[in-house]
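This report refers to the structure that appears directly beneath it.
The values are calculated or read from the model by the stated rules, or taken from the named source; none is laboratory data. From a predicted model like this one, the values you see are computed outputs, not experimental measurements. In this analysis, Cβ positions are derived from the backbone assuming ideal geometry, glycine residues included, and neighbour counts consider all displayed protein chains. To get the accessible areas, we keep the full protein, side chains included, count just its heavy atoms, and leave off ligands, DNA and RNA. Shrake-Rupley method; radii C 1.70, N 1.55, O 1.52, S 1.80 Å.
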Amino acid sequence: MSEPLPAPVRQHVVELAAHTLADLSEAEVPSSLIAVRRFTPSKRVRLGALPLAAAVDGDTFRARVAEWIRLHQPELAEAVESAQGPPPAAPPEKVAAVAYLLRVSGWRELVEAAAASTTEDEARHRADEADRTILRLTEQLATSTRVAAAEGERLRAQVATARADADEVRRRLRASGDRVRRAQETADASVSAARTERDEALAAAREAEAETRRLRTRIGELESALTGARRDTRESRSVGDARLRVLLDTLMGAANGVRRELDLPPTAGRPADLHARAHDGPSHGPHAFVGARGRPDDDPTLLDEVLAVPGVHLIIDGYNVTKRGYGQLPLHSQRERLLSGVGALVGRHPDSEVTVVFDATAVVARPVGVAMPRGVRVLFSRPGRLADEEIVRLVKLEPQGRPVVVVTSDREVVDNCAAAGARAVPSAALLARLDR
């Protein structure tokens with residue numbers, strides 16, 4: 001274009017050019033607008049504004065646009081070209097665009113008037129926008145003022161509450177300070193008392209340590225004296241045991257001679273038999289270790305000497321023996337192996353009475369089907385009792401003076417049986433005798 005047009009006028013010029021381009025034949029379309037013609041009607045004005053404005057600046061295409069206006073908008077064209085001028089209600093920018101395209105006289109004044117009108121409209125629009133902005137800002141200011149006033153009231157209330165809280169905290173701090181001072185004084189007094197007690201305890205500990213050393217020295221002297229006394233006692237006891245053994249052998253030989261002389265029948269019943277018949281069944285014990293004085297615990301000759309005593313009752317703590325000799329086997333296998341060996345041993349000493357006691361607490365179910373070798377009595381502890389208790393009961397049932405020997409390595413059983421008048425042989429001795 002030879003002169004720049006106001007934007008609204010230029011927009012109307014481009015729209016009229018786009019409508020004209022749509023009605024031209026292919027041959028009449030300027031070469032610069034061939035690509036624009038392919039656009040859709042909605043895109044021609046938006047995307048082809050520059051090529052259309054440049055084409056309108058030329059006389060040929062502008063004449064085509066003028067013809068299109070006279071053909072499609074004849075009233076507006078006649079009003080613009082007439083002496084009376086365009087109607088006052090017509091938009092100035094549209095009138096200016098038509099005048100520009102038709103090149104009527106005074107079109108520049110119409111363009112300038114449209115530009116001025118546009119400027120006025122823009123100024124009026126900006127003024128309206130400014131008024132609206134002022135009104136909006138005024139409302140926002142009023143709202144902010146109200147919110148600020150409410151927030152100020154809230155903050156003042158919070159400040160008052162905070163001050164009251166601070167006063168309460170200061171009061172509590174003063175009270176806490178008094179309590180802390182009193183606690184500190186009490187703690188200092190406690191520390192002083194503890195130090196005094198510690199010093200007294202250290203002094204007492206030193207005295208106790210000196211007393212302990214004195215007592216240890218005295219204990220050492222007493223142990224030395226006890227060792228000598230035991231040595232003298234063992235020597236005197238050995239002589240006494242030998243004399244008693246000779247006397248016992250003599251008495252037993254005489255008793256056997258009297259029995260043979262009087263042709264007395266064998267004993268009808270023994271205490272252990274009566275105890276076994278009173279048994280309702282099995283029930284379910286612990287161990288320790290005791291050996292023969294002056295001899296190894298696994299000396300097999302101990303059993304031979306015991307079984308050689310006339311009328312001896314040999315009581316065997318079953319599981320105490322088997323768990324030392326065959327502990328890796330199941331319980332029923334342990335019982336079978338022990339009873340088999342004891343049966344063979346008793347076969348060589350038919351005059352001996354042998355009782356094997358098992359602890360029924362060591363079996364899960366009631367033991368049944370236990371094979372009893374000839375000459376061997378097998379007992380299981382009663383419900384709620386241990387085999388140890390049954391062994392002590394058997395010993396106490398025997399009459400005073402009868403030789404009773406218990407095979408066990410349980411220290412408690414040994415002590416209880418000794419108190420009841422029986423002697424003990426270690427389990428290792430029986431295991432060694434059965435393995436021989």
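How many of the residues in the range 12-31 are in a helix (DSSP H, G or I), open to solvent by less than 70 Å² (accessible area, probe 1.4 Å) and either more than 23 Å from R103 (Cα to Cα) or out of contact with any helix residue (DSSP H, G or I) (no Cβ under 6 Å at 6 or more places or on another chain) (or both)?
Qualifying residue count, the range 12-31: 1.
Might you let me know whether the range 371-381 holds any residue that is modelled with pLDDT under 90 and at positive phi?
Of all residues in the range 371-381, those modelled with pLDDT under 90 come to 371-375, 381.
Narrowing the set further to residues that are at positive phi leaves 375.
Within the range 371-381 (the criterion being modelled with pLDDT under 90 and at positive phi), the answer is yes, since at least one residue qualifies.
Failed condition for F61, given (1) open to solvent by less than 30 Å² (accessible area, probe 1.4 Å); (2) outside any helix (DSSP H, G or I), with all others met?
Condition not satisfied by F61: (2).
Is it fair to say V9 is within 13 Å of Y100 (Cβ to Cβ) and modelled with pLDDT of 80 or more? Working first, answer last.
Details: within 13 Å of Y100 (Cβ to Cβ): yes; modelled with pLDDT of 80 or more: no.
Answer is no for this residue.
Is it true that some residue in the range 34-46 is under 21 Å from E109 (Cα atoms) and among the charged types (D, E, K, R)? Spell out the reasoning first.
Just the residues of the range 34-46 that are under 21 Å from E109 (Cα atoms), to begin with: none.
No, that holds for no residue.
Given the criteria at pLDDT below 75, under 15 Å from V14 (Cα atoms) and assigned to a helix (DSSP H, G or I), does E78 qualify? Working first, answer last.
Working: at pLDDT below 75: yes; under 15 Å from V14 (Cα atoms): no; assigned to a helix (DSSP H, G or I): yes.
No; evaluated as a whole, the condition is false for this residue.
Taking only pairs six or more apart or across chains, which ones have beta-carbon atoms under 8 Å, a first residue in the range 75-95 that is surrounded by fewer than 18 Cβ atoms within 10 Å (Cβ to Cβ), and a second residue that is modelled with pLDDT under 65?
Close Cβ pairs (under 8 Å, with a partner that is modelled with pLDDT under 65) amount to A79/G85; A79/P86; A79/P87.
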